[in-house]
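Written out below as structure tokens is the structure these notes cover.
The values are calculated or read from the model by the stated rules, or taken from the named source; none is laboratory data. Bear in mind the structure is a predicted one, so any value in this text is a computation, not a measurement. Heads up, the Cβs are rebuilt from the backbone with ideal geometry, glycines too, and the neighbour counts pull from every protein chain shown.
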Amino acid sequence: MTKRKTLIVILSLVSVMWILHTASKNFIVDPEFASFLSKKEIIISNGNLWIVMIKIHIVLAITALVTGPIGLSKSIRIKKLPLHQWNGRIYILSILLNMVPGYYVSIFANGGVLSMIGFWILNTLWLVTTINGYLWVRRKKVVQHRKWMLRSFFLTYANLTIYIIVATFHNGFNFDYGVSYIIAVWGSFTINLTLAEFVIKKSKI
């Protein structure tokens, strides 16, 4: 199996597992987000609006997680180019639409202002990498397009990274939940973009 195929298989498996976890937890086990809200340090004035926004945010993120690995598939791109193109449009649209709920829920993030700023940087990086990927393919610069889309897709996993870091620092090392969340938010885009650059350097994308 080539490095590229190995990468796609790994990313696909991680996507499926994280989608199942996220969807079951937030839409079946706790659709009112009672457990998550109980840890909130900031009072949410309009809880119903927050729940609607976070659900939209999750659905659009799941859409990006589904379409991302398909977009990385070389065989689909070569043999079924129209599918690759439409899949890419859906991926990009899911991220563009996610900016509104993404920035909104960031305002109420645990960890206060530092977490909010971190989330805004994360959302902005997600948007910028995605738009760059689109602009490069419009210029017929396919290699640059793939690099930027890979960066974008690694940022799509930011919430998984946040989950792992919070669990490590809060549950493993007994850090304050808010402090753990700040570390996780800032660490998510730092770690994920570093991994993306490593993959870009080591594999043929």
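Things to note:
- Residue check, Tyr134 among the aromatic types (Phe, Trp, Tyr) and either within 22 Å of Met53 (Cα to Cα) or at pLDDT below 95 (or both): no
- Region 1-60 - residue that is of a type in the set (Ser, Thr, Tyr) and surrounded by fewer than 16 Cβ atoms within 10 Å (Cβ to Cβ) and, of those, nearest to Val199 (Cα to Cα): Thr6
- Residue-level analysis places Ile121 outside the set of residues that are more than 18 Å from Thr63 (Cα to Cα), modelled with pLDDT under 95 and either under 16 Å from the mean Cα position of the chain (by Cα) or in a helix (DSSP H, G or I) (or both).
- Residue list for region 108-151, filter: more than 19 Å from Leu72 (Cα to Cα), out of contact with any Ser or Thr (no Cβ under 7 Å at 6 or more places or on another chain), in contact (Cβ under 8 Å) with a residue 24 or more places away in the chain and among the aliphatic types (A, V, I, L, M): Leu114, Ile121, Leu125
- Some residue of region 114-123 being touching a Phe, Trp or Tyr at 6+ places or on another chain (Cβ under 9 Å), closer than 17 Å to Val199 by Cβ and surrounded by fewer than 19 Cβ atoms within 10 Å (Cβ to Cβ): no
- In region 157-175, the qualifying residues are those that are without any contact (Cβ under 8 Å) to a residue 40 or more places away in the chain and crowded, with 19+ Cβ neighbours inside 10 Å, and the one that is farthest from Ser203 (Cα to Cα) is His170.
- Here Glu41 passes the criteria (1) within 21 Å of Gly133 (Cβ to Cβ); (2) in contact with a Gly (Cβ under 6 Å, 6 or more places away or on another chain) except the one numbered (1).
- The residues of region 131-156 that are of a type in the set (Ser, Thr, Tyr) and either surrounded by fewer than 24 Cβ atoms within 10 Å (Cβ to Cβ) or more than 18 Å from Thr67 (Cβ to Cβ) (or both) amount to a single one, Tyr134.
- Yes/no for Ala184 being touching a Leu at 6+ places or on another chain (Cβ under 8 Å), of a type in the set (Gly, Ala, Ser), assigned to a helix (DSSP H, G or I) and surrounded by 18 or more Cβ atoms within 10 Å (Cβ to Cβ): no
- Residue match in region 190-200 (condition: at pLDDT 95 or above, within 19 Å of Arg89 (Cβ to Cβ), under 21 Å from the mean Cα position of the chain (by Cα) and crowded, with 17+ Cβ neighbours inside 10 Å): no
- Residue satisfying condition, being modelled with pLDDT under 95 and outside any helix (DSSP H, G or I), within set Ser75, Ser45: Ser45
- Residue that is β-branched (Val, Ile, Thr), within 15 Å of the chain's Cα centre (by Cα) and either in a loop (DSSP other than H, G, I, E, B) or closer than 30 Å to Ile200 by Cα (or both), where the choices are Val105, Val9, Val16: Val16
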